[in-house]
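Just below is one structure, and these are the notes that go with it.
The values are calculated or read from the model by the stated rules, or taken from the named source; none is laboratory data. Everything quoted here is computed from the prediction, not taken from an experiment. Positions of Cβ are backbone-derived with ideal geometry, glycine not excepted, and every protein chain shown enters the neighbour counts. Remember, those area values only see protein heavy atoms, side chains included, never the ligands or the DNA or RNA. Shrake-Rupley method; radii C 1.70, N 1.55, O 1.52, S 1.80 Å.
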Amino acid sequence: MPAGAVPPGDDAGGARTARRAPVWQSSPPGSLYDYIRVVSFSLDREGRISQWSNRAAEFFGVPAEDAIGADPVAAFAPPEVQGRGHERLRDILDGREWNGLVPYHDAAGRQGLAEVYVMPADEGALCIAVDVATLRQIETDLAASQAVFGQSPMGFVLFDTHLRLIRVNDRFATVFGRPADQHRGRGPHDFLSRVEADRLSAALRQVMETGEPVLDMPLVGTVPGDPARRRWSMSLYRLHSGTGRPIGVAGLAMDVTGRQRAEREAAHARRNLALLNEAGSRIGTSLDLETTARELLDVAVPSFCDLASVDLYQALLSGEEHLTATTDGSGEVRRVAFASAVSDAPVAMAGDDVHPSGGPVSVGAVHRYRFSSAAARALRTAQPQVLDGDSGHDTGDLGSTLVQSTLLVPMVARDTVLGLVQFSRAKGSEPFTERDRMLAEELAARAAIFIDNARLYRREHERALILQRSLLPPDDPEAAGLDIACRYLPGSMETEVGGDWFDVIELPGHRTALVVGDVMGRGLRAAVAMGELRTAVRTLAMLDLDPAEVLGALDEVVGGLGAPGRTRRAKDHGDDLSEVYLATCVYAVYDAVTRRCTIANAGHLPPVLVEPGESPLLLELPRGVPLGVGGEPFEEIEVQLTDGALLALYTDGLVESRSHPLDEGLDAFRDSLAGPARPLEDVCDHVLATLDTAHGEDDIALLMARIRGLTPDNVGDWTLEPQPTSVARARELAREQLLTWGLDGLVDTTELLVSELVTNALRHGYGDIRLRLLLDSTLVCEVWDSALMQPRRRRARDTDEGGRGLQLVAMLSQSWGSRRTHRGKTVWFELALRGGESAGAGPSVDDLLSLF
């Protein structure tokens, strides 16, 4: 009997029913009757209300004392339908059933609509009224529940209080391979593995006991017909009756296998992007092959793999231009880098061949790959190769014990294979996938570009060094009457070439030209211009011109640099000056006999002179304009030097910097030269260590010369009258001087050549004749006269009685030449000292006979 119903025979007031209602309630709390508003009342044979329940009083808002005995039509029907209502009532009393909608007002005054069922009985009629709104809500809820179970894309399940399935939807049934009605009564152990079923059962008990929901609980299992592991996410919550009594647990299960796969793929993609970003910032920080290889492995291990190595072709490391010997993949390679997250010591890589030593290939070792190996195939085809650690192919000693899989990726840059990278993952790690292969190729390609750049830089750097060395004098230049020391520091340690230069040029008569210059600009362009200027200086020096004349001619040379075929006049008319070169230069000529130094300056910083016992002094020179400006003459001065004096020539990079003014740099330079006399090499080192030369702003050239002139005992100087007897006198003087010097072996040759030069001076010159012999590392003989016409060597004909003197001089001497003087000319020859390093073999008989 529904809760609250009045049994037949109960008193109309229903007071005793209210007191005993719990006794009559046999359904558990929360039954359907708790949700449906159902009331009942009865009519007697006259159509009057004979019984009226408590729920009827609450439902219609009419107490029992007002309802019993009342006409139901008059009590509930609106006036306009009461006539038709009485007709229906008569039909009911005649034994016909009726049901219909009846509007009403409840006890609270709210208007409602009731569906009334009237059933005839022996004593009258039994009437049951149900609230229409409540029925419609229940119908809606049932339809919604059916839609959830039948149409939900997620698995929907209901467990009872004993954790048994009481209902599942079609989605859940389809996943687990049996119809929905066959799941009734099953437990978690009937469709999940034991471990997963235990977890789900524990979660169900927890929800049932505590009422706290469990959200997104992961479950793993398989489904019938599909051996692949599936992953589900299940959310559980407790169900309650209308009175709050737990009646079971509802669960929503979603197949997240695809989502987790997508999340895993997204995580891998994020990791790969992060790895590529790290590679972009860490690989290629230096132009060094080995450093770049180590940077690649620092990025890859352990973020991408557990072991990795880099092998580069030996031909690449040795600087060969073309790697033609490596096209078959079996050329010599050197291991330049190795990294491991599983071992501290070098171990055999999976792709390695057996090393000749019998052990793993160590860093720095040179080895080859067999032609048939996967590594050689990767190098030969420029295509990555994948090795499985269980396949037994080219895995080496490590493959069967530690390596899970290996990627052999060739390093290719500008269509050239440079080497091979091996990426290996140890057992227990995930094997390499296609995405990993693509990432490995990208990492290797990035490193290959930087390694190739380093290779090209190394090649160009070596070429630049060769160029620089060819443009500068040797580290220990020699000069008569001078001790020389020099230093050169490039402003750019990357190119190591620049526009600063210095030179020491030996001139006839034991004279020496000292040159320091600076082409404005840096790098290879300035170095090329410097090489042209140095060559021009050497050429002009051999003409034995005065320093001012040398700079004047050099100015014309600089004016033509960078504008082939142009003249200075073109620049004066406003043409493009972008390729105009400018340079500064100091040119000094030192005479070891007189100890005089003639100096000319073209916009350069003046030399520093340190006399013995004196403070360093900046020489006062005419400043002059830089070479390339043109239009201004150059001046020169003459300085008398003493033995032991120090002359320092330098470029502005030594004393000029952004960190301090030029005057401070010059003062610091002079201070570094002060103090007691030291060997020149030590002086150079002290200057560079004292001054701020590490700023790298400009090239630095430093040339130091200490004076040690020829002593009077090493000089023979005579004046001869312009008469035939002077030829014999010259021979006598030369013989006596050479015997005094102990050069007996050179007496005959010297007499012969002196006789030839003095004879030519008598025949082709005029005025007094001066004969001078100079002894230092070589023997120099000079013959002076007042004629300006230079001697010219020619080949005499068979019928000529003369014309063979200069040919004889050229054949018997080490070198010879002539130069202009202020009062005429000087013809000289130089002989190597017998037994010295410069001594050479004399002329052969055939050479002598060829003169005639």
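Descriptive notes on the structure:
- Given (1) open to solvent by less than 20 Å² (accessible area, probe 1.4 Å); (2) modelled with pLDDT of 80 or more, number of the condition S193 does not satisfy: (1)
- A single member of R167, R231, R171, R199 is in a strand (DSSP E or B), basic (K, R), open to solvent by 60 Å² or more (accessible area, probe 1.4 Å) and free of Cβ contacts under 8 Å to residues at least 24 places away in the same chain, and it is R167.
- The single condition among (1) touching a helix residue (DSSP H, G or I) at 6+ places or on another chain (Cβ under 8 Å); (2) within 22 Å of G709 (Cβ to Cβ); (3) in a loop (DSSP other than H, G, I, E, B) that A648 does not satisfy is (3).
- Where R729 falls short, out of the listed (1) under 30 Å from M520 (Cβ atoms); (2) of a type in the set (D, E, K, R); (3) open to solvent by 80 Å² or more (accessible area, probe 1.4 Å): (1)
- Looking at L219, L204, just one residue is more than 30 Å from A57 (Cβ to Cβ), touching a Phe, Trp or Tyr at 6+ places or on another chain (Cβ under 8 Å), open to solvent by less than 90 Å² (accessible area, probe 1.4 Å) and in a helix (DSSP H, G or I), and that residue is L204.
Residue-by-condition table, conditions (1) touching a helix residue (DSSP H, G or I) at 6+ places or on another chain (Cβ under 8 Å); (2) at pLDDT 85 or above:
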residue: V23; (1), (2): no, no
residue: R37; (1), (2): yes, no
residue: S42; (1), (2): no, yes
residue: I49; (1), (2): yes, yes
residue: G61; (1), (2): no, no
residue: G69; (1), (2): no, yes
residue: F76; (1), (2): yes, no
residue: G85; (1), (2): yes, no
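- Subset tally (residues that are under 18 Å from A114 (Cα atoms) and assigned to a strand (DSSP E or B)) for region 38-80: 8
- Residues located in region 594-631, provided they are open to solvent by 30 Å² or more (accessible area, probe 1.4 Å), over 13 Å from R670 (Cα atoms) and either touching a Gly at 6+ places or on another chain (Cβ under 7 Å) or hydroxyl-bearing (S, T, Y) (or both): T594, R595, P612, R623, G624, V625, P626
Rundown of residues vs (1) touching a residue at least 60 places away in the same chain (Cβ under 8 Å); (2) in contact with a Leu (Cβ under 8 Å, 6 or more places away or on another chain); (3) more than 20 Å from G124 (Cα to Cα), yes/no style:
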{"residue": "R37", "(1), (2), (3)": "yes, no, yes"}
{"residue": "D44", "(1), (2), (3)": "yes, no, no"}
{"residue": "S53", "(1), (2), (3)": "no, no, no"}
{"residue": "P63", "(1), (2), (3)": "no, no, yes"}
{"residue": "A67", "(1), (2), (3)": "no, no, no"}
{"residue": "E80", "(1), (2), (3)": "no, no, yes"}
{"residue": "G85", "(1), (2), (3)": "no, no, no"}
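- The set of residues in region 611-655 that are out of contact with any strand residue (DSSP E or B) (no Cβ under 9 Å at 6 or more places or on another chain), free of Cβ contacts under 8 Å to residues at least 24 places away in the same chain and not acidic (D, E) comprises G613, G631.
- A108 vs. criteria under 21 Å from I36 (Cα atoms), open to solvent by less than 80 Å² (accessible area, probe 1.4 Å) and either acidic (D, E) or outside any strand (DSSP E or B) (or both): yes
- Filter pass, A173 being in contact with a Pro (Cβ under 7 Å, 6 or more places away or on another chain) and farther than 30 Å from P63 by Cβ: yes
- R171 vs. criteria at pLDDT below 80 and closer than 18 Å to V39 by Cα: no
- Within region 816-851, if we keep just the residues that are at pLDDT below 50 and under 60 Å from the mean Cα position of the chain (by Cα), the residue that is nearest to D544 (Cα to Cα) turns out to be S838.
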